[in-house]
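Beneath this line is the structure, given in structure tokens, with notes to follow.
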Amino acid sequence: MLDRKYLLIGLAVLPVIIPLACGGSGGFETDPNIDGGPPQGGSGGQAGSAGGTATGGSAGSAGSAGAGTGGSMGGAAGSAGVAGVAGVGGAPCVDGDGDGFDNCTDCDDTDPLAFPGGTEVCGDGIDQDCDGTADPMSLCQGIGTFVSDLTGNDTTGDGTQANPVKTIGAGMANAMTLQGGQGDGGAPVAQVPVFVAEGSYAEKIMLVEGIDLLGGFQCDSRSCTWTRDPAMHKADIQNTDFSGVLVDHTITRATRIDGFTISALDGDPGTGGNGLVGMTIKEGSPTISNNTINGGDVIGCSNQCNTAAIVLEGPANDPLGVLIQNNVIGAGDTPGRSSAINFNFNSGGERHVAEIVANTITGGTGSSSRAIQGFAMGDGSVVRGNDIFAGDGRGSTNFNNFHTSFAMIISSEPGGPSGAITIDANRINADPNLTGNCLNPPNNFFCGGIESEGATAVITNNIVFGMESPRSTGIFLGDGEVPFGEVILNGNTVGGGGFRAGPGGLGLSAALSCRTNQGTNAFVGNVRNNILLGGLSANRFGFYEQEDFNNNSRTCSPVIYENNDIFFPPQPNATDNAHRRHTGGGNIVLHATAADVDTNETWSMNNIAADCQLDSTFHIATGTMCTDGGTATEAPAMDFDGEARPKGAGIDIGADEAE
């Protein structure tokens with residue numbers, strides 16, 4: 001007899017016929033009309049098949065006696081069958097590779113990329129979709145997208161793991177061929193990865209929509225395992241022109257470039273323009289992740305020659321813009337303007353949008369150095385969870401012998417305000433050993449952490465410090481070429497930076513500062529719940545209102561200034577003031593303490609002066625005046641660790657919500 005069981009494969013249920021053990025048939029005569037002697041008994045039943053339970057099939061029953069004909073005797077009964085062996089079906093099903101399919105249904109439970117319905121990778125000889133065929137001809141057309149600088153050949157290679165091509169361009173050509181193929185169900189293939197092994201690739205790269213570039217695979221003259229570790233197996237794109245890797249308006253976030261080292265070309269780009277660039281994004285919005293991207297060093301140019309690791313030219317083709325995530329991005333060195341990420345207007349004055357998340361971004365050396373140059377940062381841009389370091393402000397003498405450097409500038413230039421920019425949970429100049437210096441800033445300006453020039457922005461949960469400079473500030477609020485936008489400063493920990501004061505020490509440092517070039521009695525900044533540390537210089541301030549030397553009737557002050565902690569760690573030879581107030585006409589009023597500011601200024605209230613015991617990771621101690629000392633007005637919902645606010649009776653002051 002037959003028993004019908006079922007095996008689940010993917011989403012289909014396929015019948016499997018499992019014979020159960022049963023007895024043999026009775027004996028028979030060789031001829032029913034001739035007495036052939038005693039017929040033989042039937043044979044015993046077959047052994048039971050492996051069952052669907054932990055026990056095997058039952059023993060076969062004995063065969064029945066054979067019936068004789070023509071007067072002869074029937075055969076004896078057959079013997080019983082042997083019991084079946086134990087089956088495996090009763091053992092628990094487990095998912096050994098974490099791909100969502102257990103070993104009862106997965107065709108390879110050691111490979112997380114192989115499972116029923118998985119995406120077939122052409123050229124690797126593996127059946128990823130568990131249909132019983134690796135690299136099906138209908139899909140793969142006999143080629144793959146594996147690239148090896150060390151072992152590949154563009155002439156004889158077919159792009160398979162066993163026979164890779166040599167250049168990224170050849171791998172992309174194969175990928176474009178595969179995009180025209182038919183996937184499962186006859187649908188066109190939309191997304192094809194190109195796998196790039198270790199080596200140096202000196203070629204022009206232009207991204208193609210739907211073709212992912214994935215670097216960092218192992219393949220050298222000794223072996224090709226094609227395991228991936230971008231840090232160990234560096235795939236280095238050496239740009240061959242000054243614009244670098246090019247991304248046009250057809251590229252969306254669905255297309256990735258991941259796991260490469262991308263280096264701009266060094267040289268003399270001439271004055272003006274973008275200069276030396278590692279990657280130029282013109283209106284596209286790719287996903288740029290897990291790369292190391294370096295700007296070029298300007299050589300042989302003594303004037304305004306620029307360099308940037310990434311240039312973004314607007315407008316973006318996606319409201320969310322380009323995604324730049326988990327990269328290490330470094331600016332090059334130049335006598336002119338240096339930036340790691342540079343937002344530029346296009347010829348129509350349009351801006352680009354970006355989401356910049358969890359990167360390490362470092363400025364270079366230049367007369368104007370910004371790790372993030374956000375003059376044309378578009379509406380809705382987000383800068384979150386990055387480590388950002390200012391570079392060195394020095395180089396040419398085109399700024400009246402002065403140099404400037406900030407970790408970041410956000411700004412609105414001609415063409416309209418840049419809109420609501422989110423700057424959240426970044427660590428800016430948090431390690432002085434990785435932060436540059438700015439030894440000769442203008443005497444009415446600063447170097448430091450964040451520079452806002454007329455931007456509309458929400459700045460929350462950041463750790464921000466100034467830098468080594470005779471005029472250093474954590475956050476500077478200016479109005480550039482457009483009026484002040486609305487700036488919310490809430491829940492940050494801000495230090496002024498500067499030079500450590502010594503006997504007769506000079507210089508000043510301020511946690512916050514402002515200056516207006518346009519308005520009279522201008523107001524900027526809803527400043528709440530911040531820890532404001534005066535810095536290291538001989539003259540330390542919580543807030544410094546800088547007059548415009550060209551028109552000293554212009555003034556700037558906060559819109560609201562409440563529930564901040566204005567604190568000066570003990571330091572010899574330092575003169576401390578909570579606020580330097582410029583009232584117009586060059587008249588200066590100094591408020592020595594937080595209480596003085598509250599008493600004398602209508603926009604100031606509930607500020608404190610307390611040591612909130614910041615540890616080396618910028619967390620506050622419980623039980624200090626910063627704990628529950630903030631206000632819920634405009635407070636961020638999370639702190640810089642991503643933990644909910646508040647945890648206690650009220651919002652904590654600073655970037656950390658204490659346990």
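Things to note:
- Considering only region 542-647, percent of DSSP beta bridges that pair antiparallel, nearest 5: 55 percent
- Across region 228-240, rounded Karplus estimates of 3J(HN,Hα) from the backbone phi angles (6.51 cos²θ - 1.76 cosθ + 1.60, θ = phi - 60°) give 10, 7, x, 6, 8, 10, 6, 9, 9, 8, 9, 5, 10 Hz, Gly and Pro being marked x.
- Efficiency of FRET from Cβ geometry, C104 and D268, R₀ 51 Å, rounded to 0.05: 0.20
- Karplus-derived 3J(HN,Hα), 6.51/-1.76/1.60, for each residue of region 358-368, Hz, glycine and proline x: 6, 9, 10, 10, 10, x, x, 9, x, 5, 10
- The protection proxy used here, the mean number of other Cβ atoms lying within 10 Å of each residue, ranks peptides 352-364, 444-456 as follows, highest first: 444-456, 352-364.
- Peptides 554-562, 431-439 ordered by average Cβ neighbours within 10 Å, highest first: 554-562, 431-439
- Proximal aspartates and glutamates relative to K647, as straight alpha-carbon distance under 12 Å, when same-chain residues fewer than 8 apart are discounted: D628, D639, D656, E657, E659
- Local charge for A170 was computed over the other residues whose Cβ lies under 14 Å away, with Lys and Arg +1 and Asp and Glu -1, and equals -2.
- Taken as Cα centroids, region 344-389 and region 583-606 sit 34 Å apart, rounded to the nearest whole angstrom.
- Each residue of region 136-153 was assigned a 3J(HN,Hα) from its phi angle through the Karplus curve 6.51 cos²θ - 1.76 cosθ + 1.60 (θ = phi - 60°); the sequence is x, 4, 4, 9, 8, 6, x, 10, x, 10, 9, 10, 9, 5, 8, 10, x, 8 Hz, with glycine and proline shown as x.
- Split the accessible area of region 197-263 by element, probe 1.4 Å, and carbon with sulfur accounts for 56%.
- Put simply, when 568-575, 136-143, 117-124 are sorted by average Cβ atoms within 10 angstrom per residue, most first, you get 117-124, 136-143, 568-575.
- Counted by Cβ distance under 11 Å from C122, the other residues give a net charge of -4, where Lys and Arg count +1 and Asp and Glu count -1.
- Distances between placed amide hydrogens fall under 5 Å for Q238 paired with Y201, A202, E203, all partners being 5 or more residues away or on another chain.
- Stretched out straight at 0.36 nm per residue, the stretch from V94 to N443 would grow longer than its current Cα-Cα span by 118.7 nm.
- Per residue, the accessible area of region 471-607 comes to 34 Å², computed with a 1.4 Å probe over protein heavy atoms only.
- Neighbours of G391 by Cβ distance under 15 Å: Lys/Arg scored +1, Asp/Glu scored -1, total -4.
- Between A457 and I421, E486, V487, I488, the built amide H atoms are under 5 Å apart, and every one of these is 5 or more places off in sequence or on another chain.
- Note on A254 and E659: the model spin-label points, each 7 Å out from Cα along the C-beta direction, lie 4.6 nm apart.
- Between the amide H of G466 and those of G474, G495, G496, G497, distances stay under 5 Å, these residues lying 5 or more places away or on another chain, with hydrogens modeled in the peptide plane.
- With a Förster radius of 45 Å applied to the C-beta separation of A231 and N587, the computed FRET efficiency comes to 0.20.
- Surface per residue (accessible, 1.4 Å probe) for region 285-346, Å²: 29 Å²
- Computed E for S221/A420 - FRET, C-beta separation, R0 60 angstrom, nearest 0.05: 0.65
The values are calculated or read from the model by the stated rules, or taken from the named source; none is laboratory data. Predicted model, so just to flag it, every value in this text is computed and none were measured. Methodologically, a virtual Cβ is constructed for each residue, glycine included, from the backbone with ideal geometry; neighbour enumeration extends over all protein chains shown. Ligands, DNA and RNA are excluded from the accessible area calculation, which covers all protein heavy atoms including side chains. Shrake-Rupley method; radii C 1.70, N 1.55, O 1.52, S 1.80 Å.
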